[in-house]
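Worksheet: the structure to be examined is printed underneath.
The values are calculated or read from the model by the stated rules, or taken from the named source; none is laboratory data. Since the model is a prediction, treat every value here as computed from it, not as a measurement. No Cβ is skipped: glycine too gets one built from the backbone with ideal geometry, and neighbour counts run over all protein chains shown. Please note that ligands, DNA and RNA were not included when accessible areas were found on the heavy atoms of the full protein model with its side chains. Shrake-Rupley method; radii C 1.70, N 1.55, O 1.52, S 1.80 Å.
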Amino acid sequence: MHTWTWLVPVLAFGCLALAMAAGVGPWMLAVCCLALAVTVFAAVHHAEVIAHRVGEPYGTLVLALAVTAIETALIISMMIAGGQDMAVLARDAIYAAVMIICSGVVGLCLLVGGLAHREQSFRVEGAGAGLAALIVMSVLTLILPAFTTSTPAGTYSDSQLTFVALASASLWAIFIFVQTVRHRDYFIPAEAGSDPEAHVGPPTATRAWASFGLLVLSLLTVVGLAKVLSPTIERAVLAADAPRAVVGIVIAALVLMPETWAAVRAARANRLQTSMNLAVGSALASIGLTVPMVVLASSIFGLPLVLGLGSKEVALLTVTFLVSAITLGTGRTYMMQGAVHLVLFAAFLFLAVVP
């Protein structure tokens, strides 16, 4: 194991502890931003070590689950601390994650892969099933609350929340069973691609467990630094007279950086199947894991919860899913599809700043 792979997470965690104890001044802000960037690289390295040891699709699943679990804990902690002001936090975080992944991450992977290899392929059986589940979960969680009549617009009754939480968790659990057991071959790359590391022998079990521990430490540090930097980000957003929702987008983007970098690296190495596994798995986990836990926390602590999106967000989400179904429906991609997704991502960002 290279020295930097364990030294970076440890030093970055120390930086996080110092920032939480002493506050974030101008110098500490710069140090935290640097620590965040290098920790992302460390997290991706350890995720790839684990993936090489356990094979696909388990490797990408580990990274997706770790990031989503930590992000969910961050959302719940902020909801408990913020009370009424954080009623829309879960909605904004889930919406931002789905849009960033389905338009930004997928678009970047398709564009980078298309520029490097002209045309790439992946198993449409796996990606198509995941996209279908994601559409259903997104509609149940983010769109239908704006149309139900039992409670005020944008909210669910207790029984409706319970149904949505169980439905989301069930769909996610079935997808994981299909991905890892029943139809694992739908998620395994057909070829190793042009990545030379794919032909190297797998790491030892000891190194894989060490990488798992360092991966968890790295992801905790990334999420912690994102939370420490969030007040500074919020002040910058307010100073720019931008909507408050932009803060959620920036934080979601920071938290998703390890997965984004891992997915782009895989696409660049002609392993688009790995990129799709990461993207679809992360988007599904952002709802299938987050919603049940948020609903449970809302019930236990009596927290207000608003899930329904506005008409502009519903339109963007609908177009994103429609375009995804078209561009990913054949199992073969090239740069044009990536450009389409990235234009959607740009529209999402622009309309968030200029609503």
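Going through the range 134-151 one residue at a time, which ones are under 30 Å from P189 (Cβ atoms) and either of a type in the set (V, I, T) or open to solvent by 10 Å² or more (accessible area, probe 1.4 Å) (or both)? Correct list: I135, V136.
Can you tell which of A132, A93, A69, A127 is of a type in the set (G, A, S), part of a helix (DSSP H, G or I) and over 26 Å from H341 (Cα atoms)? Lay out the reasoning, then the answer.
Numbers: A132 fails: over 26 Å from H341 (Cα atoms); A93 fails: over 26 Å from H341 (Cα atoms); A127 fails: over 26 Å from H341 (Cα atoms).
Going through A132, A93, A69, A127 in turn, the sole match is A69.
Only residues that are over 30 Å from Q120 (Cβ atoms), under 19 Å from the mean Cα position of the chain (by Cα) and not β-branched (V, I, T) were counted in the range 275-308, giving 3. For the range 251-273, residues that are closer than 16 Å to G338 by Cα and β-branched (V, I, T) total 2. Within the range 298-321, being assigned to a helix (DSSP H, G or I) and open to solvent by less than 10 Å² (accessible area, probe 1.4 Å) holds for L317, T320. Residues in the range 323-351 that are surrounded by fewer than 19 Cβ atoms within 10 Å (Cβ to Cβ), farther than 28 Å from V237 by Cα and within 20 Å of the chain's Cα centre (by Cα): A325 only. Of the residues making up the range 260-270, those that are in contact with a Gly (Cβ under 9 Å, 6 or more places away or on another chain) and crowded, with 24+ Cβ neighbours inside 10 Å are A266, A267. Within the range 50-75, residues that are under 14 Å from A285 (Cα atoms) reach partners that are open to solvent by 10 Å² or more (accessible area, probe 1.4 Å) and outside any helix (DSSP H, G or I) with beta carbons closer than 6 Å, at six or more positions or on different chains, in the pairs T68/L289; T72/L289.
Residues that are more than 18 Å from V223 (Cα to Cα), open to solvent by less than 30 Å² (accessible area, probe 1.4 Å), out of contact with any His (no Cβ under 9 Å at 6 or more places or on another chain) and part of a helix (DSSP H, G or I) are absent from the range 18-33.
A quick yes/no check of all residues on (1) closer than 20 Å to A352 by Cα; (2) of a type outside the set (K, R); (3) in contact with a helix residue (DSSP H, G or I) (Cβ under 9 Å, 6 or more places away or on another chain); (4) outside any helix (DSSP H, G or I):
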residue	(1), (2), (3), (4)
K227	no, no, yes, no
S230	yes, yes, yes, no
R235	yes, no, no, no
A242	yes, yes, yes, yes
G248	yes, yes, yes, no
I251	yes, yes, yes, no
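Residues that are among the hydroxyl-bearing types (S, T, Y) and open to solvent by less than 30 Å² (accessible area, probe 1.4 Å) were ranked within the range 51-78; the one that is farthest from V247 (Cα to Cα) is T60.
Has the range 91-112 got any residue that is out of contact with any Pro (no Cβ under 8 Å at 6 or more places or on another chain), among the basic types (K, R) and under 24 Å from Q160 (Cα atoms)? Yes, that holds for at least one residue.
Would you mind stating whether C102 is farther than 30 Å from L296 by Cβ and crowded, with 18+ Cβ neighbours inside 10 Å? Here the answer is no, as C102 does not meet what is asked. Please verify whether L89 is closer than 23 Å to V264 by Cβ, touching a residue at least 24 places away in the same chain (Cβ under 8 Å) and not hydroxyl-bearing (S, T, Y), treating the condition exactly as stated. It is false that L89 is closer than 23 Å to V264 by Cβ, touching a residue at least 24 places away in the same chain (Cβ under 8 Å) and not hydroxyl-bearing (S, T, Y).
All of Y95, Y186 fail the test of being open to solvent by 50 Å² or more (accessible area, probe 1.4 Å), in contact (Cβ under 8 Å) with a residue 24 or more places away in the chain and aromatic (F, W, Y), apart from Y186. In the set L115, L110, which member is within 16 Å of A263 (Cβ to Cβ), more than 15 Å from the chain's Cα centre (by Cα) and surrounded by 22 or more Cβ atoms within 10 Å (Cβ to Cβ)? Going through L115, L110 in turn, the sole match is L110. If you check T320, T290 for being among the hydroxyl-bearing types (S, T, Y) and over 26 Å from T162 (Cα atoms), only one passes: T320.
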